[in-house]
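The values are calculated or read from the model by the stated rules, or taken from the named source; none is laboratory data. From a predicted model like this one, the values you see are computed outputs, not experimental measurements. Cβ atoms come from the backbone with ideal geometry, glycine included; neighbour counts cover every protein chain shown. In case anyone asks, the SASA skips ligands and DNA or RNA and just uses the protein heavy atoms, side chains included. Shrake-Rupley method; radii C 1.70, N 1.55, O 1.52, S 1.80 Å.
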Amino acid sequence: MKSISLYVDRDSILHRIDPVNKMVYILAAIALPILVPNWYMALICMLCSLFLLWIGKVFQKSLPVYGFVFLILITVILIQGLFHPSNETPLFSLGLVTYYREGFLFALWITFRVINIVGSFLILVLTTKPSDLVESLVRRGLSPRFGYVLGSVFQIVPQMMSTMKRITDAQRSRGMETEGKLSVRIKAFLPLIGPVVLSSLIQVKERAMALEVRGFNAKGEKTFLHEEKAYVATRSILWGLWTVMIAAAVWRVFL
Amino acid sequence: MEKRSLWSFHFSTASLVLIPAAVGINYIGKLFAGVLKLPLWLDAIGTILASMLAGPVIGAISGAVNNIIYGLTMDPISFVYGITSLFIGLIAGIMAHKGWIQSWGKAVVVGVAVGLTAVVISTPLNVAFWGGQTGNLWGDAVFAAVMAQTSSIWLASFLDEIVVDLPDKVLVVLAAYAIYRGLPDNVKQMFHRHSQVEDLD
């Protein structure tokens, strides 16, 4: 069955860092440019995220995701440069249209921030196995039942995707049109999704019963199947990130 | 099985297992919309269905989990909009509980309410993250036009989001309602919060 995760199995230092620390890094990557709202901070944070992606040997894998982001960012640069409210200084004009400096700088600032935030999420997503992330969270006190919910999505979604393929084929073999005019395609939507939904809800019932007879709701100490992974420098990274964030907050309040 | 209130955080196993199924249905909806080349996302059907079946809390969790999983597997930007999904599930669940899913007409009202919720929550996120745009061609055309006329980012972003989100969410709720109507009673009953079990001994 096809896996749906973006995780890339590489041997790098980032792969050996506690997933929770990567989540704190995301928090820092979002908080720092807000606390210290100047150009240098946005630029430094962006370069830092990109550098970490490179350290994690996943920089190339991040490019397809960035491809989509860049498409939107290009329209941001275009529209803000033309229409941003504070536009005053023209950069250049093409015929009737004038492109302004203020809007361009604003759009550039947004670009830095978006690349930074997307990068920080990609660090987590590309270098962490989803099951490790869930296990790490359960060890830090997330309810094991909820941990199961998160983990089971990764099994259920591929299952449903194969059901979806089967049902599409079945409906087509009965003569249902799935191509052509928009009205034809809209009409096809419910007969396609309906059976998938119904079969998955019936599976929910079976799964719930199976779980209950296996003691899903049992009270008492839960244990783990796997031994705890040894992560690198968990404490020092955690403290380091919080120190930087608190320092930025203090800077913001007092200076 | 004790009687559960609307806001209960004591989940039955069935409603917990409903959450991953809801996320799966969201996925499938989006995939089918892609396969059929529909000009919509239709990626919240599972969330709405979970709200209708198991109430606002499960609906809200389904929405949030959906965006977390989606962020982990396809598109990290969707983490940012997790809070929108959470509120979509919440509002749909409350309205379903108050009896707004008994007819097509009422379902349209739920759709508009859910759509407006999505717009109100997403607009500040768009402004903070993208400077106001949504990345949708039609929506951003509106954004550019309104910016040129009024130079108000908030108004432009709000209208951009309405154009993009409102029709999509109304259709999502209608699709979810159509599916919900078709469900057999024994499936609906599984998640019922008002079920009382009589003891025979």
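Couple of notes before you dig in:
- For region B:10-31, the set of residues classified as within 17 Å of the chain's Cα centre (by Cα), open to solvent by 30 Å² or more (accessible area, probe 1.4 Å) and more than 7 Å from chain A (Cβ to nearest Cβ) consists of B:LYS30 only.
- Residue pairs meeting the criteria (Cβ under 6 Å; at least 6 apart or on separate chains; first at the interface with another protein chain (Cβ under 7 Å from one of its Cβ atoms), in region B:169-190; second open to solvent by 30 Å² or more (accessible area, probe 1.4 Å) and among the hydrophobic types (A, V, I, L, M, F, W, C)): B:ALA178/A:LEU190
- Some residue of region B:89-97 being more than 11 Å from chain A (Cβ to nearest Cβ) and under 22 Å from A:PRO191 (Cα atoms): no
- Qualifying residue in region A:47-62 (condition: surrounded by fewer than 17 Cβ atoms within 10 Å (Cβ to Cβ), in contact with a strand residue (DSSP E or B) (Cβ under 7 Å, 6 or more places away or on another chain), assigned by TED's automatic domain parsing to the domain that holds A:ALA247 and of a type outside the set (Val, Ile, Thr)): no
- Restricting region A:189-224 to residues that are surrounded by 11 or more Cβ atoms within 10 Å (Cβ to Cβ) and of a type in the set (Ser, Thr, Tyr), the residue that is nearest to the other protein chains (Cβ to nearest Cβ): A:SER200
- Here is the figure for region B:86-132: residues that are open to solvent by less than 20 Å² (accessible area, probe 1.4 Å) and either at pLDDT 90 or above or more than 27 Å from B:ARG181 (Cβ to Cβ) (or both) total 19.
- For region A:89-136, the candidate set comprises residues that are surrounded by fewer than 19 Cβ atoms within 10 Å (Cβ to Cβ) and aliphatic (A, V, I, L, M); within that set, the residue that is farthest from the other protein chains (Cβ to nearest Cβ) is A:LEU91.
- Of all residues making up region B:32-65, the number that are more than 9 Å from chain A (Cβ to nearest Cβ) and more than 22 Å from B:GLU161 (Cα to Cα): 10
- Selected residue [on the phi < 0 side of the Ramachandran plot, in a helix (DSSP H, G or I), touching a residue at least 40 places away in the same chain (Cβ under 8 Å) and touching a helix residue (DSSP H, G or I) at 6+ places or on another chain (Cβ under 9 Å)] from B:SER78, B:SER85: B:SER85
- Residue match in region B:66-76 (condition: within 22 Å of B:ILE179 (Cα to Cα) and within 11 Å of another protein chain (Cβ to nearest Cβ)): yes
- When region A:70-88 is limited to residues that are more than 9 Å from chain B (Cβ to nearest Cβ) and either assigned to a helix (DSSP H, G or I) or aliphatic (A, V, I, L, M) (or both), the one that is farthest from the chain's Cα centre (by Cα) turns out to be A:GLY81.
- Number of positions in region A:7-34 that are open to solvent by less than 40 Å² (accessible area, probe 1.4 Å), assigned to a helix (DSSP H, G or I) and either more than 16 Å from A:LYS229 (Cβ to Cβ) or among the aliphatic types (A, V, I, L, M) (or both): 10
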